[in-house]
Amino acid sequence: MKGDGRNTQTVWKDQKQLRTGYTTGSCAAAAAKAAAFMLLSKEPVYQVSLKTPQGAVLYLDVECIAMGTDRVSCAVRKDSGDDPDVTDGVLVLAEVARRAGTAVSLDGGKGVGRVTKKGLDQPPGAAAINKVPRRMIVEAVEEQRRKFGCTFGLHIIISIPEGEALAEKTFNPRLGIEGGLSVLGTSGIVEPMSERALTDTICLEMKVLKENGHEWCYIVPGNYGSDFLTETLKYDGRLAVKCSNYIGETIDDAVRMGMKGILFVGHIGKLVKIAAGVMNTHSRQADCRMEVFAAHAALAGASRDTVRQLMECVTTAGAVDILKASNMLEPVMQTIMDQIDVHLKQRAGKTLMTGAIVFSAEEGILGQTSRAAEILEHIRKGTV
């Protein structure tokens, strides 16, 4: 029931009013509740209510009903609201079947991933259904058992038919979740364009590396850095965490979880901002690229005309060309890297070693910080 006003709220993000949605965990719990009701009542139901952990009540349509004597399955369709989520519109199925004993058990079926590495919400071998959705699902089924006075056991299987294909578009393969999607959600509600969701994923990716014996790793802002790391430098991409624009938050997470060292490998267009102390490199936060180039060029003795050209430049590639033409690229990059070093160390404190390698597509490596080579050696020693 996409777009049903009873299930959605609006929030303001970047001066836009956006619609919330609901999580795969909410879908799974609602489908399980409906399936349990139908199994125990022997009557079909086409809509189900669900109270989320944050107290919101959802009214969700029930689809794909299949009723049998000892088992019932049905589905609820995911609605991500205005969040750009690959799971938007997918069916989340729940089968509830009678079983021996009196307990309620839960597992994942087709399209729900399996955990293969330590450090995730669930242990290796378990279905990738996180603890809050697990609790929601089991509590929803237990509620129906109490309602009908059920004394026999029930087994729940959650599946997502499109999950295996969609998982390739998520972080799951990098995290060690194989065969499908994760069933997620702590509040039951999807907030559109949630920065917290992204930073939580970055933290989790680093946590998986640490729990599997890697206390030193690469940090790349995105695909440019990832490709340069693996294709040009020939470093092990399995030991890299993508941080997007969240430089400062990534450092904070590394400190909190006790990492020993991280090495940023990124394009000049992103990492040059760190030289000005900018720790969120999204353009809406700050765009000081040309100011950094101009200030460091002036520091190196550039002419007023060169500084003016840099300030009027639009791209970092253009700025690099101006510095090359003035024979100033090397000294300017040296002082920029020195300042990047200062700000990384200041954010990290004394327990975490930090470094950076900065590159451009045209010039390759433009500079590296004082301890970059040392961190690189530690990471290489930890390669599996």
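The values are calculated or read from the model by the stated rules, or taken from the named source; none is laboratory data. For clarity, every value in this text was computed on a predicted model and none was experimentally measured. All Cβ positions, even for glycine, are placed from backbone atoms using ideal geometry, and neighbour counts span all protein chains on display. Calculation scope for accessible area: heavy atoms of the full protein, side chains included, ligands and nucleic acids excluded. Shrake-Rupley method; radii C 1.70, N 1.55, O 1.52, S 1.80 Å.
From the phi angles alone, apply the Karplus equation (6.51, -1.76, 1.60; θ = phi - 60°) to the range 344-351 and give each ³J(HN,Hα) in whole Hz, x where the residue is Gly or Pro.
Running phi through 6.51 cos²θ - 1.76 cosθ + 1.60 with θ = phi - 60° gives 5, 5, 5, 6, 7, x, 8, 8 Hz.
In square angstrom, what is the accessible area per residue of the range 21-130 with a 1.4 angstrom probe? All intermediate terms of the calculation are to be shown ahead of the outcome.
Values: 4330 Å² over 110 residues.
That works out to 39 Å² for each residue.
Hey, what angle do you get for helix 131-148 against the long axis of the chain, alpha-carbon based, 0 to 90 degrees rounded to 10?
For 131-148 against the chain, the angle is about 10 degrees.
What's the FRET efficiency of Asp287 with Asp200 using the Cβ-Cβ distance as r and R₀ = 25 Å, to the nearest 0.05?
Details: r = 26 Å, r/R0 = 1.05.
E(calc), rounded to 0.05, equals 0.45.
Per residue, how much accessible area does the range 281-384 show when a 1.4 Å probe rolls over the protein heavy atoms, in square angstrom? Kindly include the intermediate steps, with their values, before the conclusion.
Values: 5480 Å² over 104 residues.
Value for the range 281-384: 53 Å² per residue.
Residues of the range 154-278: accessible area per residue at 1.4 Å, in Å²? Walk me through the numbers on the way to the answer.
Working: 4880 Å² over 125 residues.
Per-residue accessible area for the range 154-278 comes out at 39 Å².
For the range 28-77, what is Rg from Cα atoms divided by 2.2 N^0.38 Å, rounded to two decimals?
Numbers: Rg = 10.8 Å, N = 50, 2.2 N^0.38 = 9.7 Å.
That ratio works out to 1.11.
Got a sec? What order do Arg256, Arg304 fall in by accessible area at 1.4 Å, biggest, i.e. largest, first? Could the numbers behind the result be given before it?
On the way: Arg256 175, Arg304 210 Å².
Correct descending sequence by accessible area is Arg304, Arg256.
Can you compute the modelled spin-label distance between Lys324 and Lys147, with each label point 7 Å from Cα toward Cβ, in nm?
6.9 nm
I need the phi-derived Karplus couplings for the range 220-229: 6.51 cos²θ - 1.76 cosθ + 1.60, θ = phi - 60°, integer Hz, Gly and Pro marked x.
Values per residue, Gly and Pro as x: 10, x, x, 5, 4, x, 4, 5, 5, 4 Hz.
Given a 1.4 Å probe and every protein chain left where it sits, what share in percent of the accessible area of the chain is carbon and sulfur?
Working: 8670 of 17520 Å².
Solvent-exposed carbon and sulfur of the chain make up 49 percent of the total.
Angle, helix 24-41 long axis vs. longest principal axis of the chain, Cα atoms, 0 to 90°, nearest 10?
10 degrees
Ignoring solvent entirely, what values of log10 I(q)/I(0) come out of the Debye formula for the chain at 0.09 Å⁻¹ when each Cα is a single scatterer?
-0.63
Could you tell me how many degrees, from 0 to 90 and to the nearest 10, lie between the Cα long axis of helix 289-299 and the main elongation axis, the longest principal axis, of the Cα atoms of the chain?
20 degrees
If R₀ is 41 angstrom, what is the calculated FRET efficiency for the pair Asn223 and Gln54, using the beta carbon separation as r and rounding to 0.05?
Details: r = 34 Å, r/R0 = 0.84.
For Asn223 and Gln54, the calculated efficiency is 0.75.
Where does the charge balance sit around Arg256 when Lys and Arg score +1, Asp and Glu -1, over other residues with C-beta under 12 Å from its C-beta? Write down the numbers at each step before the final one.
Numbers: positive: Lys207, Lys210; negative: Glu249, Asp252, Asp253.
Net charge in that neighbourhood comes out at -1.
Suppose only helical runs count, i.e. DSSP H with n ≥ 4. What mean residue ellipticity at 222 nm does that imply for the chain under -39500 (n - 2.57) per run, divided by all residues and rounded to the nearest 500 deg cm²/dmol? Could you put the intermediate results ahead of the total?
Numbers: 13 runs with 141 residues, N = 384.
The per-residue figure over the chain is -11000 deg cm²/dmol.
In percent, what relative contact order does the chain have, based on Cα pairs under 8 Å that are 6 or more apart in sequence?
Values: 800 pairs, mean separation 52.1, N = 384.
Rounded, it is 14 percent for the chain.
Within 10 Å, count the other beta carbons around each residue, average over each peptide in 42-55, 341-354, 262-275, 172-185, and list them highest first.
Values: 42-55: 14.1, 341-354: 17.3, 262-275: 25.5, 172-185: 21.8.
Result, highest mean Cβ count within 10 Å first: 262-275, 172-185, 341-354, 42-55.
Just the Cα atoms of the range 271-382: what Rg and Dmax do they give in Å?
14.6, 48
Grab the alpha carbons of the range 42-103, take their convex hull, and tell me the volume per residue in Å³. Before the final figure, lay out each step's value.
On the way: hull volume 7.9 nm³, N = 62.
Convex hull volume per residue, Cα atoms: 127 Å³.
Measuring from label point to label point, each 7 Å out along Cα→Cβ, what is the Glu377 to Arg304 span in nm?
Label-label distance for Glu377 and Arg304, simple model: 4.8 nm.
Extending each Cα 7 Å along its Cβ direction at Met67 and Arg99, get the distance between those two points in nm, one decimal.
Label at Met67, label at Arg99, 2.4 nm between them.
Cα-Cα over 31 Å: which of Lys131/Lys234; Lys110/Lys242; Lys260/Lys324; Lys210/Lys324? Walk me through the numbers before you get to the answer.
On the way: Lys131/Lys234 38 Å; Lys110/Lys242 28 Å; Lys260/Lys324 36 Å; Lys210/Lys324 41 Å.
Check vs 31 Å cut-off fails for Lys131/Lys234; Lys260/Lys324; Lys210/Lys324.
Around Met353, which amide H atoms from residues at least 5 apart in sequence, or from another chain, sit under 5 Å from its own amide H, with H modelled in the peptide plane?
Under 5 Å from the amide H of Met353 lie the amide H atoms of Gly261, Ile262, each far enough along the sequence or on another chain.
Enter the accessible area of Phe228 (Å², nearest 10), with the probe set to 1.4 Å and all protein chains included.
Roll a 1.4 Å probe over it and Phe228 shows about 20 Å².
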